[in-house]
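J.: Next up is a structure, given as structure tokens.
The values are calculated or read from the model by the stated rules, or taken from the named source; none is laboratory data. What you are looking at is a predicted structure, and each value in this text was computed from that prediction instead of being measured. Glycine also receives a Cβ, built like all others from the backbone with ideal geometry; neighbour counts cover every protein chain displayed.
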Amino acid sequence: MSHLPQTIHEARRLLRSGAMTSVELTEAYLERIAWMEPDIRAYLHVAEAQSLAQARLADERMAAGQDTPLLGVPLGVKDIINVQGMPATAGSRILEGFRPPYEATVVRKLREQGAVFLGKLNTDEFAMGWSTENSAYGVTHNPWALDRVPGGSSGGPAAAVAAGEAIAALGTDTGGSVRQPASWTNTVGLRPTYGRVSRYGVIAFASSLDQVGPMTRDVRDSALLLEAIAGHDPKDSTTFPDAVPHYADMLDGGVRGMRFGLPREYFTERMHPGVERATREAVARLRDLGAIVEEVSLPHTGYGMPVYYLIATAEASANLSRYDGVRYGYSAQAPDLQENYKLTRGRGFGPEVKRRILLGTYALSAGYYDAYYLKAQKVRTLIRADFDAVFERCDALIAPVAPIPPYRIGEAPTDPVALYLLDVLTLPSALAGVPALALPAGFVEDDGAKLPVGVQFIGRPLDEATLFRIGRAFEQTNEVA
């Protein structure tokens, strides 16, 4: 094939016109995966036979006159989201070989549209990490610099989209796990409003924070994919009953006259100068488009990191207690039950997951619940109030995504607190439950390498439509830059 379409909307034009079939498109992507994977290592499982069978069904539906925005389009899925008939490891040895008997609501919705699932993509174990270095199955490499990490925990989806190994992918964002890898791979990543997308069938990390989000090459694809997966789900009581807008029809209009807030607390001492420069240049572009940008304060930002790592680890401790080697997954087969629990969890979980289980169990323990977990929830309310206050006068916020560009594989800080600070710019909006869209903002020089960085636009709850409109206007400045 002389030209492999890189976006959903481009693929759909070719499929609708009859210029190619879904089988041909899927075969082309499978060939590209086989060619790229020795270097990228984004996939944990490539579903060749299943994806081709789905593509044949899509071609039959098209021949019968059916049409949906995702019919016949090949996608990847982060391996923390259940797809029936495919492994679901969550990047952990404790789930090695597990195949779920049911699938996630987001996958069912895409399947109903006729999407094709190419396979499962790498993730930090149970989505706990920044780089995919915490995956039990190896590190994914950044397509822009193979010696660098792609970010995490959705590093596999980000790298697959950036390398052209999938037209788009589904990731999950608990504290920044869609936005940060999007920023580090020059792709578009959306964290929807908490409750906009069902979590049913998504392997849980922190239930009050986890959200599925699209990872794409442009804003139009992000809008198409969110529209397909969003909506109320009776199997997830946290989902909103609100109707899902036709996001892809709401991209135009520009940003002229819009008011943006630039949070002063988001420019940290440890920020790479290139990241700050790219963010300031993004602000200048908004002003050139006719937007108003003013400095604002989110005064409780500094509490975001400790609050997140109390709430998220406490919820992880509860959620991961089910992995005991008795009902499914890895089992150490010890002579007695207590030893079996100890060996199964000791061997099955990696060091970062163990660290977070221990932190969370301590925060929930007798005598400490009020001092830590309950207090963290109260401060979370204050963080949400900060966003409510600035949204009274701002249409959206603009901010950097990560304080540094992607680092070299194996060169992460050895201090866990220093690592946790990599999330400092994405955690507050996750705690507040508001939507945020990460977009490419250019490249920075770092130790001789030219590396991608991004900016994020943070919006009001359930106002993804405005974020897409902003994103499309900003994206067009990238196209002419």
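J.: Could you list, in sequence order, the residues of region 248-277 that are under 30 Å from Asp221 (Cα atoms), touching a Leu at 6+ places or on another chain (Cβ under 6 Å) and in a helix (DSSP H, G or I)?
T.: Once the filter is applied, which keeps residues that are under 30 Å from Asp221 (Cα atoms), touching a Leu at 6+ places or on another chain (Cβ under 6 Å) and in a helix (DSSP H, G or I), region 248-277 yields Ala248, Tyr266.
J.: While we're here: Can you tell me which residue is farthest from the chain's Cα centre (by Cα) among those in region 1-45 that are assigned to a helix (DSSP H, G or I) and of a type in the set (S, T, N, Q)?
T.: This residue is Ser17.
J.: Show me the helices (runs of 4 or more DSSP H) entirely contained within region 363-481 in which 2 or more residues are over 17 Å from the mean Cα position of the chain (by Cα).
T.: Per the criteria, 375-390, 416-420, 464-480.
J.: Would you check which residues across region 278-303 are in contact (Cβ under 8 Å) with a residue 40 or more places away in the chain, out of contact with any Gly (no Cβ under 9 Å at 6 or more places or on another chain) and part of a helix (DSSP H, G or I) and list them?
T.: Thr279, Val283, Arg285, Leu286, Asp288, Thr301, Tyr303
J.: Please determine whether any residue of region 97-119 is farther than 22 Å from Thr216 by Cβ and either among the hydrophobic types (A, V, I, L, M, F, W, C) or surrounded by 21 or more Cβ atoms within 10 Å (Cβ to Cβ) (or both).
T.: Yes, because at least one residue in region 97-119 is farther than 22 Å from Thr216 by Cβ and either among the hydrophobic types (A, V, I, L, M, F, W, C) or surrounded by 21 or more Cβ atoms within 10 Å (Cβ to Cβ) (or both).
J.: I need the full set of residues from region 74-107 which are in a helix (DSSP H, G or I) and over 24 Å from Leu226 (Cα atoms), in order please.
T.: Arg93, Ile94, Leu95 - these are the residues of region 74-107 that are in a helix (DSSP H, G or I) and over 24 Å from Leu226 (Cα atoms).
J.: List every residue pair whose Cβ atoms sit under 6 Å apart, with the two residues 6 or more apart in sequence or on different chains, where the first one lies in region 375-403 and is closer than 12 Å to Ser429 by Cα and the second, anywhere, is of a type in the set (D, E, K, R).
T.: Close Cβ pairs (under 6 Å, with a partner that is of a type in the set (D, E, K, R)) amount to Val401/Arg179.
J.: Something else now. What pairs can you find where one residue is in region 25-44 and of a type in the set (S, T, N, Q), the other is surrounded by fewer than 18 Cβ atoms within 10 Å (Cβ to Cβ) and assigned to a helix (DSSP H, G or I), and their Cβ atoms are less than 8 Å apart, with a gap of 6+ or different chains?
T.: Thr26/Leu52
J.: Examine region 450-471 for a residue that is of a type in the set (Ser, Thr, Tyr), at pLDDT below 95 and surrounded by fewer than 22 Cβ atoms within 10 Å (Cβ to Cβ), and state whether such a residue exists.
T.: No, the conditions are met nowhere in region 450-471.
J.: Here is a check on your reading of the model: is Ser222 among the polar types (S, T, N, Q) and part of a helix (DSSP H, G or I)?
T.: So Ser222 fits the description; yes.
J.: Follow-up. Does any residue of region 139-158 turn out to be among the aromatic types (Phe, Trp, Tyr) and not in a loop (DSSP other than H, G, I, E, B)?
T.: For region 139-158, residues among the aromatic types (Phe, Trp, Tyr) and not in a loop (DSSP other than H, G, I, E, B): absent.
J.: Based on this model, can you work out whether Val353 counts as touching a His at 6+ places or on another chain (Cβ under 9 Å) and either over 20 Å from Phe205 (Cβ atoms) or outside any loop (DSSP other than H, G, I, E, B) (or both)?
T.: For Val353, the condition - touching a His at 6+ places or on another chain (Cβ under 9 Å) and either over 20 Å from Phe205 (Cβ atoms) or outside any loop (DSSP other than H, G, I, E, B) (or both) - is not met.
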